[in-house]
Amino acid sequence: MGKYITKRILLALVTAFVVASATFFIMNMVPGGPFLGEKAVTPAAQEALEAKFGLDKPLSEQYTTYMNDLLHGDLGPSLKKRGRTVNDIIATKFPVSAKLGGMAILIAFFVGVPLGSYAAFHRGKLIDNIIILFSTAGIAIPSFLSSTLLMYFLSAQWGLLPSKGLNSPACYIMPVIALALHPTSYIARLMRSSMLDVMGQDYMRTARAKGVSQVKSIFKHALRNAILPVVTYLGPLTAQLMTGSFIIEKIFVIPGLGSEFVGAITSRDYPLIMGTTIFLAMFIITLNVIVDILYAVIDPRIKLK
Amino acid sequence: MTAENKEKKNTNNILSLQLKVDDFLPASAEEKQAVVKERESVSFFKDGIRRFRRNKIAMAALIAVILIMLLAFIVPMFYPYSYDAQMKGSERLAPMQYSETELERIAAGESVFPHLLGTDQNGRDYAIRVLMGARVSLTVGIVASAIVLLIGSTYGAVAGYFGGKLDLIMMRFVDILYTVPDVLIIILLASTLKYPLESLAQMPGFSWIQTIGPNMISMFLVFGLLYWVGMARIVRSQVMILKQSEYVTAAKALGAGNGRIIKKHLLTNCIGTLIVTTTLQIPSSIFTESFLSFLGLGVQAPMPSLGSLASAALNGLQSYPYRLFAPAFMIFIIILSFNLLGDGLRDAFDPKLKN
């Protein structure tokens, strides 16, 4: 177990290093470096700016300064928002996105798992087919489409829900549904097939044969085993929700990190793009490690590997 | 002893080495008939196709995919409008509506092809733009999957076949790439790669970059860099099992080189897995492409893509909702039918891959 966890953490550290370095070198492909952008300025101003951001130094030195700053948690200043640092922006915007994403994960998990299990218990019946139909369709809709369609019908056409902002609890309904639709469908499908797999196992028959009630056998034996693939999916899911929220926040005009990121892409605020990428990447990598460790705790078999 | 007795003795003793004369007589017509095959032997491929044909949903998905391909690649060739031709005076037409000049032409007895989905704010026929958008999305999906197939299968096969330290190093690299949040890196690359690509396009011999578009190329680069890891893992585990089979030993004994064994024996025997994984890669690439285009990092104007059409339609959602519905429906159908086709292929050719 200890060895497994150490290995996971080491791998995560290497990944974090690779992502941070890649971000730096990719950003240096922008003419003039990330702090200048491609806008033409007078030579004198250019020199002054280069000196200010240390761009006159050789690349290797810039890289070490950058990595050093990163280790101290300093993501630098924003290019377009005068006087604000990237850290500052992330600190104010991230909680909004995290709240939205967290709600979507909870919905995806607590709707997807029962739905998938229910379909598996009623295999081949009408309800199973309906659940399969909806989850297959749900997987094929990108989040930007589900959100725009929701907005068109629920808000523009029928006027049921507010279309933008996060001022009232009702504002959360559409973005969270749009964000949760894809993962809920995915989890339902995953759960259904793994539940069917588990139900066919010998130990399920044994449990029933020795007199364990149907309900108890499902909760104590089937669910615990069938949920494992879903747990492994939670890591990639958070990454997906983070990126999915870029567009959803933009569409619903939510002041989160996602809309900030999209705004940074359009306004070419490279330090902000760079900082947000690194922050989100570290966040996702950390969550992946936690999920991996959690997985080892739930499934004792993994320790052997 | 009579001859009859002798024969009886032979049949009794099973250990006797004496040969029976009867065994060497020519076969009778009846015996020959018994050896004739009653049924054709079923090859792996035929078996898969048979299973696939029986799957109604998968067949429907296949038909849908073929129809979409026809719509996206063949129909635009014969379509009376072009996706980038701006017609003066016919801006913002509703579906099936004609502009004034066109009405005059109709009055003069000419036949004018209707704008099935109207026109956009620049007077471009919207139906053909949706079809061209589908073409762009499909092209990106298919080319990206081909890149993934090429890199992933080669990498996975080499790692799995040679094993040992090489495998360890190669797979650690895959592990790292696997945990890299790909969409973030894609956005980063898509927003920066166009500068080096644009300067490269200025050089002689690289003008093709401008024709395809730097954004499109950076998208392919990204797929080639990051998306092959899943394929590499699957192929590696298959190759590790296959390399222990007798035919590989036989090929080695006959003096076949490593490259030949990988190409001729190992990868050809993974064909089911390769087909299934590649098919399922197409919708996921299209997903990413439409996501990037929606963000404005995809293909460049005037070339439409389903994602950028949907994004552009957002501004006029109240007045022209069908401009969102048309590309949205197209994306939905494309992804859905490719997903179902992939699922069907998996059930038919690679039942083990389920889950």
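Residues that are more than 14 Å from every other protein chain (Cβ to nearest Cβ), among the small types (G, A, S), assigned to a loop (DSSP other than H, G, I, E, B) and in contact with a Lys or Arg (Cβ under 8 Å, 6 or more places away or on another chain) do occur in the stretch A:73-96. Of all the criteria given as (1) small (G, A, S); (2) in a helix (DSSP H, G or I); (3) surrounded by fewer than 17 Cβ atoms within 10 Å (Cβ to Cβ), the one not satisfied by B:G205 is (2).
Of all the residues in the stretch B:248-267, those that are under 29 Å from the mean Cα position of the chain (by Cα) and farther than 23 Å from B:V143 by Cβ number 9.
Scanning the stretch A:121-145 for residues that are facing chain B (nearest Cβ under 9 Å) and either open to solvent by 70 Å² or more (accessible area, probe 1.4 Å) or not in a loop (DSSP other than H, G, I, E, B) (or both) yields A:T136, A:A137, A:I139, A:S143, A:F144, A:L145.
No other residue among B:A146, B:A127, B:A134 is over 23 Å from the mean Cα position of the chain (by Cα), among the small types (G, A, S) and either over 27 Å from A:M29 (Cα atoms) or away from every other protein chain (no Cβ under 14 Å) (or both) apart from B:A127. All but one of (1) open to solvent by less than 20 Å² (accessible area, probe 1.4 Å); (2) within 14 Å of another protein chain (Cβ to nearest Cβ); (3) at pLDDT 85 or above hold for B:A251; which doesn't? Every condition holds for B:A251 apart from (2).
Residue count for the stretch B:211-257 satisfying the condition of being assigned to a helix (DSSP H, G or I), under 19 Å from B:T268 (Cα atoms) and among the hydroxyl-bearing types (S, T, Y): 3. Among the criteria (1) within 11 Å of another protein chain (Cβ to nearest Cβ); (2) at pLDDT below 85, the one B:S284 does not fulfil is (2). Contact map, the stretch B:38-59: residues that are free of Cβ contacts under 8 Å to residues at least 40 places away in the same chain paired with residues that are open to solvent by 100 Å² or more (accessible area, probe 1.4 Å) and part of a helix (DSSP H, G or I), Cβ distance under 9 Å, separation 6+ or inter-chain. Pairs shown: B:E40/B:K46; B:V42/B:R50. Scanning the stretch B:159-181 for residues that are open to solvent by less than 30 Å² (accessible area, probe 1.4 Å) and within 14 Å of chain A (Cβ to nearest Cβ) returns B:M171, B:V174, B:D175, B:I176, B:L177, B:V180, B:P181.
Summed over the stretch A:183-216, residues that are closer than 28 Å to A:G235 by Cβ and exposed (fewer than 12 other Cβ atoms within 10 Å of the Cβ) total 1. Here the stretch B:295-323 is the region considered, the condition is being free of Cβ contacts under 8 Å to residues at least 40 places away in the same chain and within 9 Å of chain A (Cβ to nearest Cβ), and the residue that is farthest from B:L189 (Cα to Cα) is B:Q318.
Taking the listed residues B:G342, B:G298, the one that is open to solvent by less than 50 Å² (accessible area, probe 1.4 Å) and part of a loop (DSSP other than H, G, I, E, B) is B:G298, with no other qualifying. Taking the criterion of being surrounded by fewer than 22 Cβ atoms within 10 Å (Cβ to Cβ) and hydroxyl-bearing (S, T, Y), the residues of the stretch A:251-279 that qualify are A:T266, A:S267. For the stretch A:238-288, a residue qualifies if it is within 11 Å of chain B (Cβ to nearest Cβ) and aromatic (F, W, Y), and the qualifying residues are A:F246, A:F261, A:Y270, A:F279, A:F283. Consider the stretch B:312-338 and keep the residues that are open to solvent by 30 Å² or more (accessible area, probe 1.4 Å) and part of a helix (DSSP H, G or I). The one that is nearest to B:T279 (Cα to Cα) is B:L336.
The values are calculated or read from the model by the stated rules, or taken from the named source; none is laboratory data. Source: prediction; values computed, not measured. Here the Cβ is made from the backbone with ideal geometry for all residues, glycine too, and neighbour counts use every protein chain on show. We work out accessible area using only protein heavy atoms, side chains counted, and drop any ligands, DNA or RNA first. Shrake-Rupley method; radii C 1.70, N 1.55, O 1.52, S 1.80 Å.
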